[in-house]
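Heads up: the structure comes next, in structure tokens.
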Amino acid sequence: MKKILITGGAGFIGSHVVRLFVAKYSEYQIYNLDALTYAGNLENLADIEKAANYTFIKGDITDESFITNLFEKHQFDGVIHLAAESHVDRSIEDPMAFVKTNVIGTVNLLNAARKLWAKNPEGKRFYHISTDEVYGSLGAEGLFTETTPYDPNSPYSASKASSDHFVRAYGETYDLPYVLTNCSNNYGPNHFPEKLIPLFINNIITNKPLPVYGDGNYTRDWLFVVDHAIAIDLVFHEGINHETYNIGGFNEWKNIDLVQLLCSIMDNKLGRVAGKSAELITYVKDRPGHDLRYAIDANKINAELGWKPSVTFEQGLEITVNWYLNNPDWLHNVTSGEYADYYKKQYVK
Ligand SMILES: NC(=O)c1ccc[n+]([C@@H]2O[C@H](COP(=O)([O-])OP(=O)(O)OC[C@H]3O[C@@H](n4cnc5c(N)ncnc54)[C@H](O)[C@@H]3O)[C@@H](O)[C@H]2O)c1
């Protein structure tokens with residue numbers, strides 16, 4: 001039996017990864033370690049919380065002695081590390097929180113894995129989940145490949161870049177068996193509504209302004225979260241040690257075009273006249289260090305591991321919008337309390 005530690009499993013992507021592993025690998029024990037920050041929500045996993053092969057552990061990856069003891073106690077065979085502070089806007093407000101969780105937290109996990117697996121690294125694996133934002137910004141042309149030099153521009157991407165470097169350094173220095181992936185923007189169910197797509201779905205439902213940064217020409221490559229979870233499963237089991245894989249949706253959208261598409265889907269779903277939701281679009285002052293364009297070349301994972309997205313953007317958005325419309329309680333619960341204060345500070349001038 002394999003014991004797998006998934007960190008950040010109560011968050012957006014982590015909850016999809018936990019669900020997939022718990023359902024698919026009944027012979028594994030899956031341990032979900034999460035500090036339950038504002039972004040962590042056990043409601044995301046209500047459907048599997050009683051599964052025999054699932055254990056939730058509340059804890060903080062920045063707590064060194066807690067992490068060391070946890071690894072000694074459970075003797076994990078693999079780590080899938082997703083726990084992070086993940087929102088760029090918040091990193092501009094409070095960079096230190098990102099240094100603590102994304103850098104120090106990652107190094108704590110690396111140290112614990114290294115110590116536990118030193119005598120027998122055979123069959124062990126540390127999988128670090130990262131972002132395409134570490135590569136910086138593209139102009140109108142070109143794609144990020146696995147060899148694109150790192151050039152992070154926000155405190156968030158700098159902290160993720162730093163953690164990626166530590167993972168690679170532990171591979172080189174201590175021969176820690178690791179794999180690393182850099183993925184483009186995810187969307188889908190259970191996404192906290194501070195990020196663009198769920199924020200806008202929520203604001204359209206509640207008739208609030210849709211704050212579009214700058215001129216709306218920022219371009220991102222969007223991937224359905226379940227397809228990311230499927231890629232993570234594949235890389236965890238079949239990726240080559242010490243390799244990096246880029247994961248992307250082959251699906252670039254300018255923010256303003258994406259918002260227009262979302263508005264027209266929502267008009268349709270809510271029975272509004274065409275163009276009604278788009279009246280909510282308002283352009284707001286740009287954020288500092290805003291990267292113009294990210295686009296991923298995902299040909300390596302496609303060619304070597306046979307992965308490609310399973311749904312089109314239209315299909316993925318349809319599933320996502322339906323999920324938010326069918327889960328008003330989830331949306332209400334996460335948009336009350338701390339979130340309401342954050343929203344006012346960030347968007348209501
Ligand atoms: N969302 C995206 O589009 C995207 C794209 C590429 C890569 N990533 C990466 O994927 C990972 C997951 O992203 P997400 O969007 O699901 O994030 P998220 O913010 O939704 O979830 C992060 C989870 O980590 C937990 N956490 C935070 N600090 C912790 C700590 N100190 N100790 C233990 N748990 C802690 C939170 O409670 C939360 O459950 C991150 O590493 C992120 O950098 C995200």
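Would you please classify the overall shape of region 1-133 from the alpha carbon gyration tensor, given that a ≥ b ≥ c denote the square roots of the eigenvalues, rounded means a/c under 1.5, and beyond that prolate means a/b larger than b/c while oblate covers the rest?
Since a/c reaches 1.5 but b/c is at least a/b, the shape of region 1-133 is classed as oblate.
Here the dipole of the chain is about 520 debye; that uses its Cα centre as origin and unit charges on the Cβ of Lys and Arg (positive) and Asp and Glu (negative). Remark: spin-label model distance Arg168-Met1 equals 3.8 nm, labels positioned 7 Å along the Cα→Cβ axis. Estimated from the Cβ-Cβ distance and a Förster radius of 30 angstrom, the FRET efficiency linking Thr147 and Ala23 is about 0.30. Counting only alpha carbon atoms, the long axis of helix 313-326 and the longest principal axis of the chain meet at about 80°. Within the chain, antiparallel bridges make up roughly 10 percent of the DSSP beta bridges whose residues both belong there. Placing R0 at 35 angstrom, the Cβ-Cβ distance between Lys208 and Ala303 gives a FRET efficiency of 0.20 after rounding to 0.05. For the chain, the longest principal axis of the alpha carbon atoms and the long axis of helix 196-205 meet at an angle near 40°. Accessible surface for the chain, divided over its residues, is 42 Å² per residue with a 1.4 Å probe. Taking GluC sites (Glu not before Pro) in DSSP loop states with no more than 10 other Cβ atoms inside 10 Å as exposed sites, the chain has its longest site-free stretch at 142-349. Percent antiparallel among DSSP beta bridges with both residues in region 1-133, to the nearest 5? So the antiparallel bridges in region 1-133 amount to around 0 percent.
Helix 106-117 and the longest principal axis of the Cα set of the chain meet at an angle near 30°.
Roll a 1.4 angstrom probe over the protein heavy atoms and tell me the percent of accessible area of region 1-155 that is carbon or sulfur. Before the final figure, lay out each step's value.
Working: 3510 of 6610 Å².
For region 1-155, the apolar C and S fraction of the accessible surface comes to 53 percent.
For the cross-link pairs Lys208/Lys285; Lys24/Lys50; Lys2/Lys50; Lys2/Lys73; Lys3/Lys100, the ones whose C-alpha atoms lie over 21 Å apart are Lys3/Lys100. Extension gain for Asp329-Val311 works out to 3.8 nm (0.36 nm per residue, less the C-alpha to C-alpha distance). When the helices of the chain are scored as -39500 (n - 2.57) per DSSP H run of n ≥ 4 and the total is divided over every residue, the value at 222 nm lands at -12500 deg cm²/dmol.
The values are calculated or read from the model by the stated rules, or taken from the named source; none is laboratory data. Computed from a predicted model, the values in this text were never measured in an experiment. Quick reminder, even Gly has a Cβ in these numbers, built from the backbone with ideal geometry, and neighbours come from all protein chains shown. Protein only, heavy atoms only, side chains kept; ligands, DNA and RNA dropped before computing areas. Shrake-Rupley method; radii C 1.70, N 1.55, O 1.52, S 1.80 Å.
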